[in-house]
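Below is one structure, written out as structure tokens; the observations come after it.
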Amino acid sequence: MIDANQPAPDFTLPSTSGDDITLSALRPAPVALFFYPRDNTAGCTKEAIAFSHLLEDFAATGVKVFGISKDSMKSHDKFVEKKELTVPLLSDENGSVCEDYGVWAEKKMYGKTFMGIVRATVLIDAEGKIARTWPKVKVDGHAEEVLEAAKAL
């Protein structure tokens, strides 16, 4: 995973907000990016709901929050509607952003090895540098932990 104090790799991705999101265009706002494996799975749903519930608190600190996975916009739109999510989701279908941030990695489950997104979060400061990373996230309490770190920026 990408290290703290490095410049955050720039990107432009389609969003469930209806606009394309370009990371560098968001400056000077700090940004939290949570990378997750797949729409409509238990852990990913719980994480997206937690960030959605805290979205106003993040906004009060000036931090913009986005979820990123390789799912299509069609999948994201259905996920947002079904779970009533308010956090914008970005589609990285070709996986380049996931690779740039080092979250596309080898995973193991049930004795099988495969490539996939490792659940991780990156907090980016107002200058566009990585302020903090959370590799291999455990969902419970994670959104709250990111919010506390965001308040300290």
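The values are calculated or read from the model by the stated rules, or taken from the named source; none is laboratory data. Because the structure is predicted, anything quoted here is derived from the model rather than measured. Cβ atoms come from the backbone with ideal geometry, glycine included; neighbour counts cover every protein chain shown.
Each residue in the range 1-21 was checked for being in contact with an Asp or Glu (Cβ under 7 Å, 6 or more places away or on another chain) and of a type in the set (Ser, Thr, Tyr), and 2 pass. All of Glu106, Glu99, Glu93 fail the test of being in a strand (DSSP E or B), among the acidic types (Asp, Glu), exposed (fewer than 15 other Cβ atoms within 10 Å of the Cβ) and without any contact (Cβ under 8 Å) to a residue 60 or more places away in the chain, apart from Glu106.
Of the residues making up the range 46-85, those that are closer than 17 Å to Val146 by Cα and either in a helix (DSSP H, G or I) or aromatic (Phe, Trp, Tyr) (or both) number 15. Does Pro14 qualify as being surrounded by 15 or more Cβ atoms within 10 Å (Cβ to Cβ) and either charged (D, E, K, R) or under 20 Å from Ile130 (Cβ atoms) (or both)? Here the answer is no, as Pro14 does not meet what is asked. Which residue is nearest to the chain's Cα centre (by Cα), if the candidates are limited to the range 81-115 and must be of a type in the set (Gly, Ala, Ser) and modelled with pLDDT under 95? Among residues in the range 81-115 that are of a type in the set (Gly, Ala, Ser) and modelled with pLDDT under 95, the one nearest to the chain's Cα centre (by Cα) is Ala105.
Regarding the range 39-52, can at least one residue be identified that is of a type in the set (D, E, K, R), crowded, with 19+ Cβ neighbours inside 10 Å and closer than 12 Å to Asp92 by Cβ? Looking for residues that are of a type in the set (D, E, K, R), crowded, with 19+ Cβ neighbours inside 10 Å and closer than 12 Å to Asp92 by Cβ, one finds none in the range 39-52, hence no.
Residues that are touching a Cys at 6+ places or on another chain (Cβ under 8 Å) and not hydroxyl-bearing (Ser, Thr, Tyr) number at least 1 in the following strands (runs of 3 or more DSSP E) confined to the range 1-40: 31-35.
For the criterion of being more than 20 Å from His142 (Cα to Cα) and either in contact with a Leu (Cβ under 8 Å, 6 or more places away or on another chain) or at pLDDT 95 or above (or both), Pro28 passes. Considered as a group, the residues in the range 61-74 that are in contact (Cβ under 8 Å) with a residue 24 or more places away in the chain and more than 16 Å from the chain's Cα centre (by Cα) include one that is surrounded by the fewest Cβ atoms within 10 Å (Cβ to Cβ), and that residue is Gly62.
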